[in-house]
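Here's the structure, in structure tokens; my notes come after.
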Amino acid sequence: MVDTKRVCCQPERGLVLRDVTLTAGSTCVLRDASLTVPLSGMTLLSGRNGAGKSTLLRAMLGLVPLQGGEILTHGLPPAQARQHIGYMPQSVTDAALLLPAVSHVRAAVDGLRWGLPLRLRPRREEADRLLALTGASAFAHRPLGLLSGGERQRVGLAQALAGNPDLLLLDEPLAALDHAGQEQTVRLLGDLTARLGIGIVLTSHETEALAGVVTRVMQLADGGLHVRV
Amino acid sequence: MFEFDFMRHAFVGAAVVSVLAGTVGWFLMLRRQAFAAHALSHIGFSGAAGAVWLGFPPLSGMVVFSLMAGFVIGAEREGERGVPAQRDSTIGLVLAASLGLGAWFLHMSNRGSSLATTLLFGDVLGIDLRTLEALCGVAVLCLGLLAFLGRRLLFASLAPEVARARGVPARLVSVVFMAVAALACAACAEVAGALLAFSLMIGPAATALKLGLGPLAGIALSVGLALGLSWGGLMLSWVTDAPVPFWIGLGAALSYALADLWRRFRSL
Ligand SMILES: Nc1ncnc2c1ncn2[C@@H]1O[C@H](COP(=O)(O)OP(=O)(O)OP(=O)(O)O)[C@@H](O)[C@H]1O
Ligand SMILES: [Mg+2]
């Protein structure tokens, strides 16, 4: 048994890879990679198209199996770590586009419970808070399918923030945004790290837009992961 | 018309089935599994034919067959990134195989065409008390399971990847839901017939979704519409001479068309 509270306060806070081998299809993403890196602030995971950035994020969440070694996030293996992690996939959901955006966020707020909710109010308030936090209140009651790419991403971000995570894994949060949209989102993310103390790991090819705000860069290349501060 | 036992049974049976169809149908449409609903009720038809051949009540055969199919369809591996990779092919092949079996059962039972007609178009006026009890049992079981599953099912349907990342057992949820859908289809087929069972599941739910309602309002409207369709169908077929499924099928398409018009009108 791992004692969550104790482990959280150990110096192992951050991302630890031990002899990790990770493949996706025929692509080798990581080969015997070992690494320890803090995850405070904003961490950019970079690498060329197809390097395996999305796959690595999914491995941290236990969505794809490792071929060897182990990944610990804040000292916890994926199955336990994911209780403290919020995730936004590369392609924001294209399911149920007719439902209002707010329903998507509400579903994420208490989506881990069995049974029917006794009171609806707390869930509604929490969803409204998250939508306000990501600047999505204005279009929260429109069907998700009618929102623009950037607006949908804000809804996806609100979804990722459900469950009060202390780490966010965001897969390409800047894709599909114009210059102004990117600036807005970068400011929003900076705000989340500063105000709420949430660590953020994001993948992006927009190194320019992120210059100056990221705390460190993790470069994924040739089966290895290298950190630059 | 309520002085007759068979009419009272029909109305109660239609009500039970409508509540079930409206609720399960809403989730089916949300998950874009209309084809599954269609297939499950047809598969139930084969089961019913088999049951009659072996001397069991048709409902039991429908339940057994659609449940088995439901497990096969639900257990379909999620595609690598949450994309249901081959679901439609699986459903199509399961459907083809069981319809083949159904043809064989019909042939063996020696009651070919009359039996087929009853099973395909339903016999809501022939519901007896025992069938009614069975329908109620199925409905309570399904709605109970759905209530238990509800929030995880909703999360997994709206944002499959995010739900899996947070630890929702997507595969388990999907299998249990398909089993519930299979049972619901069998129950619907009892009232509307195998051919039109899914009209009661799909029509009201599609209308509710088309209007862009959230889950609670959407399910409520879907159930209300299903009730309206089946009761309306019963009354109209009492007054006119047309069979109940005719009115249900027509009403389902009509309500969807109206919802579509309403949306267009609103967005002008
Ligand atoms: N399930 C899979 N089956 C086969 N190959 C896969 C699978 N998942 C990923 N791959 C392959 O693994 C490689 C890494 O994919 P991944 O999506 O992780 O790359 P990425 O770094 O996120 O790329 P991008 O910058 O385009 O988002 C790609 O070559 C991809 O084709
Ligand atoms: Mg990617």
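The values are calculated or read from the model by the stated rules, or taken from the named source; none is laboratory data. In this text, all values refer to a predicted model and were calculated from it rather than measured experimentally. Using ideal geometry, Cβ is built from the backbone for each residue, glycine included, and neighbour counts are taken over all protein chains shown.
Mind telling me which of the residues A:205, A:179, A:226, A:141 ends up being in contact with a strand residue (DSSP E or B) (Cβ under 8 Å, 6 or more places away or on another chain) and over 30 Å from residue A:23 (Cβ atoms)?
None of the other options fit; the residue is A:141.
Assuming residue A:121 fulfils every condition listed in (1) surrounded by 15 or more Cβ atoms within 10 Å (Cβ to Cβ); (2) more than 9 Å from chain B (Cβ to nearest Cβ) apart from one, which condition is it?
(1)
Checking residue A:199 against (1) at pLDDT 90 or above; (2) within 16 Å of ligand 2 (Cβ to nearest atom); (3) over 19 Å from residue A:136 (Cβ atoms), which single condition isn't satisfied?
(2)
Please identify the pairs in which a residue from segment A:34-62 that is under 24 Å from residue B:168 (Cα atoms) and touching a residue at least 12 places away in the same chain (Cβ under 8 Å) has its Cβ atom under 7 Å from the Cβ atom of a residue that is assigned to a helix (DSSP H, G or I) and more than 9 Å from ligand 1 (Cβ to nearest atom), counting only partners at least 6 apart or on another chain.
A:60/A:78; A:61/A:78; A:61/A:82; A:61/B:165; A:62/A:78; A:62/A:79; A:62/A:82
Quick one: which of B:89, B:60, B:18, B:109 is buried (at least 24 other Cβ atoms within 10 Å of the Cβ) and of a type in the set (S, T, N, Q)? Can you show your working first?
On the way: B:89 fails: buried (at least 24 other Cβ atoms within 10 Å of the Cβ); B:60 fails: buried (at least 24 other Cβ atoms within 10 Å of the Cβ); B:109 fails: buried (at least 24 other Cβ atoms within 10 Å of the Cβ).
The match here is B:18.
For segment A:22-47, which residues satisfy the criterion of being part of a loop (DSSP other than H, G, I, E, B), over 20 Å from the mean Cα position of the chain (by Cα) and more than 16 Å from ligand 2 (Cβ to nearest atom)?
Once the filter is applied, which keeps residues that are part of a loop (DSSP other than H, G, I, E, B), over 20 Å from the mean Cα position of the chain (by Cα) and more than 16 Å from ligand 2 (Cβ to nearest atom), segment A:22-47 yields only A:26.
Starting from residues that are under 15 Å from residue A:135 (Cα atoms) and touching a residue at least 60 places away in the same chain (Cβ under 8 Å), keep the ones in segment A:163-189 and report whichever is surrounded by the most Cβ atoms within 10 Å (Cβ to Cβ).
Top of the filtered list is A:173.
Are any residues in segment B:225-268 farther than 19 Å from residue B:124 by Cα and not charged (D, E, K, R), and if so, which ones?
B:253, B:254, B:255, B:256, B:257, B:258, B:259, B:261, B:262, B:265, B:267, B:268
Determine if segment A:138-149 includes at least one residue that is closer than 23 Å to residue A:38 by Cα and either buried (at least 20 other Cβ atoms within 10 Å of the Cβ) or within 16 Å of ligand 2 (Cβ to nearest atom) (or both).
Looking through segment A:138-149, none of the residues is closer than 23 Å to residue A:38 by Cα and either buried (at least 20 other Cβ atoms within 10 Å of the Cβ) or within 16 Å of ligand 2 (Cβ to nearest atom) (or both).
Please pick out the residue among B:96, B:48 that is under 20 Å from residue B:123 (Cβ atoms) and modelled with pLDDT of 80 or more. Don't jump to the end; show me each part of the working.
On the way: B:96 fails: under 20 Å from residue B:123 (Cβ atoms).
So the residue among B:96, B:48 that is under 20 Å from residue B:123 (Cβ atoms) and modelled with pLDDT of 80 or more is B:48.
Taking the condition of being under 20 Å from the mean Cα position of the chain (by Cα) and within 7 Å of chain B (Cβ to nearest Cβ), how many residues in segment A:84-101 meet it?
Of all residues in segment A:84-101, those under 20 Å from the mean Cα position of the chain (by Cα) come to A:84-95, A:101.
Still in the list and also within 7 Å of chain B (Cβ to nearest Cβ): A:87, A:89, A:93, A:95.
Qualifying residue count for the region: 4.
So, in segment A:48-61, how many residues would count as being more than 9 Å from ligand 2 (Cβ to nearest atom) and crowded, with 19+ Cβ neighbours inside 10 Å?
As a first pass, look at segment A:48-61 and keep what is more than 9 Å from ligand 2 (Cβ to nearest atom): A:48, A:56, A:58-61.
Now narrow it down to the ones that are crowded, with 19+ Cβ neighbours inside 10 Å: A:56, A:58-61.
Residues in segment A:48-61 being more than 9 Å from ligand 2 (Cβ to nearest atom) and crowded, with 19+ Cβ neighbours inside 10 Å: 5 in total.
Output the number of the condition that residue A:162 fails; it satisfies all remaining conditions of (1) within 11 Å of chain B (Cβ to nearest Cβ); (2) farther than 23 Å from residue B:211 by Cα; (3) modelled with pLDDT under 90.
(3)
Which count do you get for residues in segment A:191-223 that are surrounded by 17 or more Cβ atoms within 10 Å (Cβ to Cβ) and over 15 Å from residue A:47 (Cα atoms)?
7
Let me spell it out: the conditions are (1) more than 16 Å from ligand 1 (Cβ to nearest atom); (2) within 14 Å of chain B (Cβ to nearest Cβ), and residue A:54 meets all of them except one. Which number is the exception?
Unmet for residue A:54, out of (1) more than 16 Å from ligand 1 (Cβ to nearest atom); (2) within 14 Å of chain B (Cβ to nearest Cβ): (1).
For segment A:88-118, which residues satisfy the criterion of being within 16 Å of ligand 1 (Cβ to nearest atom) and either over 19 Å from residue A:167 (Cα atoms) or part of a loop (DSSP other than H, G, I, E, B) (or both)?
Hits for segment A:88-118 are A:89, A:90, A:91, A:92.
Check residue A:62 against each of (1) within 16 Å of ligand 1 (Cβ to nearest atom); (2) closer than 30 Å to residue B:25 by Cα; (3) touching a helix residue (DSSP H, G or I) at 6+ places or on another chain (Cβ under 6 Å) and name the one condition it does not meet.
Residue A:62 satisfies all of (1) within 16 Å of ligand 1 (Cβ to nearest atom); (2) closer than 30 Å to residue B:25 by Cα; (3) touching a helix residue (DSSP H, G or I) at 6+ places or on another chain (Cβ under 6 Å) except (2).
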